[in-house]
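The values are calculated or read from the model by the stated rules, or taken from the named source; none is laboratory data. Remember, it's a predicted structure, so these values are computed and weren't measured experimentally. Reconstructed Cβ throughout: ideal geometry from the backbone, glycine too, with neighbour counts over all protein chains shown. Each accessible area value is taken on the protein alone, full model and side chains, heavy atoms only, with ligands, DNA and RNA left out. Shrake-Rupley method; radii C 1.70, N 1.55, O 1.52, S 1.80 Å.
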Amino acid sequence: MQNTKRIVVKVGSNVLTTSTGKLDITRMSALVDQIAWLRNNGYEVILVSSGAVACGRKELQVDHELDSVEQRQLYSAIGQIKLIHQYYDLFREYNIAIGQVLTMKEHFEEGEQYNNQRACMEVMLQNGVLPVVNENDTVCVTELMFTDNDELSGLVARMLGAGTLVLLSNIDGIYTGDPKKPESQLIRTVRPEDNLDRYIQTSKSSAGRGGMESKYHTARTVAQSGIRVIIANGERDNILVDLIRDPENTVHTEFIV
Ligand code: GLU
């Protein structure tokens with residue numbers, strides 16, 4: 001049974017950073033306002049936030065070459081602090097306590113760690129604490145890491161029996177072609193029997209690891225387990241509130257179950 005009042009919101013690095021790679025505090029603040037609104041309207045929210053690596057990259061200039069693993073470890077270690085600190089300050093304005101959950105793919109295999117992790121997030125929710133989740137990028141560096149935070153957010157939604165998963169990136173949803181081309185149309189609803197493979201763009205943003213291909217894959221898998229999945233644009237004003245209050249008139253792609 002899914003809990004219809006429980007929502008997992010995943011925010012991509014590209015939503016949280018400006019074109020120069022700086023943390024976009026104005027956007028973060030707007031997202032926090034909307035999450036506070038959701039909570040005031042009876043929703044339990046779990047936030048899966050990317051942005052650690054992108055944010056850390058801007059914090060430290062190094063004058064020598066770093067390989068990709070070193071970059072990921074170094075920048076995520078620095079960036080995660082900044083990210084969580086910012087969320088802490090912003091949510092505090094609403095008297096919302098947040099708790100940080102850094103996780104790994106292996107914690108989602110049935111067993112003690114899975115149970116502990118679920119119990120941890122449940123106890124947070126029961127006590128009104130908002131879990132802010134990210135991959136533990138400092139140690140997850142091999143092929144054992146999540147494909148990206150889209151996959152992670154799907155696993156969190158399933159683990160917690162959420163009714164809805166919202167994937168926020170800088171695009172309105174899935175289009176019938178290149179979103180930049182005027183002839184491309186947004187696909188509003190995806191039914192379980194629909195196959196959109198031919199429409200999925202493989203290009204990615206520079207900020208994070210995800211992309212539409214992985215969002216589509218996650219969305220399908222998660223919807224198959226009975227969770228409504230929404231792909232929407234986190235750069236649109238008030239998107240989370242509008243998706244709840246007036247979904248008919250709010251641009252997004254929804255995977256129905
Ligand atoms: N965990 C990474 C970060 O916080 C993001 C992974 C992704 O882009 O999905 O930077």
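Just a few scattered comments:
- Remark: the Asn127-Glu248 segment gains 40.2 nm on full extension, using 0.36 nm per residue and subtracting the alpha carbon distance.
- Long-range HN-HN contacts of Ile174 with modeled amide H, under 5 Å: Ile187, Thr253
- Partners for Lys22 among lysines (Cα-Cα distance below 17 Å; same-chain residues under 8 apart left out): Lys58, Lys82
- Percent of alpha-carbon pairs separated by more than 21 Å within region 114-239: 46 percent
- Close amide H pairs (under 5 Å, H built 1.01 Å from N) link Leu130 with Ala97, Ile98, Gly99, residues at least 5 positions away or on another chain.
- Whole-angstrom gap from region 45-62 to region 184-245, using each part's C-alpha centre: 22 Å
- Nearest-0.05 FRET efficiency for Thr138 and Leu66, computed from C-beta distance (R0 22 Å): 0.95
- Mean residue ellipticity (222 nm) of the chain, computed from DSSP H runs ≥ 4 via -39,500 (n - 2.57), nearest 500: -12000 deg cm²/dmol
- Charge sum, other residues only, whose C-beta stays under 15 Å from Ala77's C-beta, Lys/Arg counted +1 and Asp/Glu -1: 0
- D_trans [Stokes-Einstein, Kirkwood Rh over alpha-carbon pairs] for the chain, 20 °C, 1.002 mPa s, µm² s⁻¹: 116 µm²/s
- Split the accessible area of the chain by element, probe 1.4 Å, and carbon with sulfur accounts for 47%.
- Amide hydrogen proximity for Phe146: with H placed 1.01 Å from N in the peptide plane, the residues at 5 or more positions away or on another chain lying under 5 Å are Lys105.
- Contact order, relative form, for region 10-56: 57 percent (alpha carbon pairs under 8 Å, 6 or more residues apart, mean separation divided by residue count).
- Within the shell defined by Cβ-Cβ distances under 11 Å, the residues around Ser49 carry a net charge of 0, with Lys and Arg each +1 and Asp and Glu each -1.
- J(HN,Hα) series, region 221-230, from Karplus relation 6.51 cos²θ - 1.76 cosθ + 1.60, nearest Hz, glycine and proline x: 4, 5, 4, 4, 8, x, 9, 5, 10, 10
- The string of couplings for region 26-34 from the Karplus curve (6.51, -1.76, 1.60, θ = phi - 60°) is 4, 5, 4, 4, 5, 5, 4, 4, 6 Hz, one whole number per residue in order, with x for Gly and Pro.
- What the phi angles of region 243-257 give under the Karplus curve with 6.51, -1.76 and 1.60, with θ = phi - 60°, is a coupling list of 4, 7, 7, 9, x, 4, 9, 10, 5, 5, 10, 10, 8, 8, 9 Hz, glycine and proline written as x.
- Region 196-257: relative contact order in percent, alpha carbon pairs under 8 Å with at least 6 residues between: 29 percent
- Protection-proxy order for peptides 155-162, 10-17, each taking the mean of Cβ atoms within 10 Å per residue, highest first: 10-17, 155-162
- Between the residues Ile35, Gly51, Ile81, the greatest Cα displacement towards the positive end of the dipole of region 1-100, with unit charges on the Cβ of Lys, Arg, Asp and Glu, is found for Ile35.
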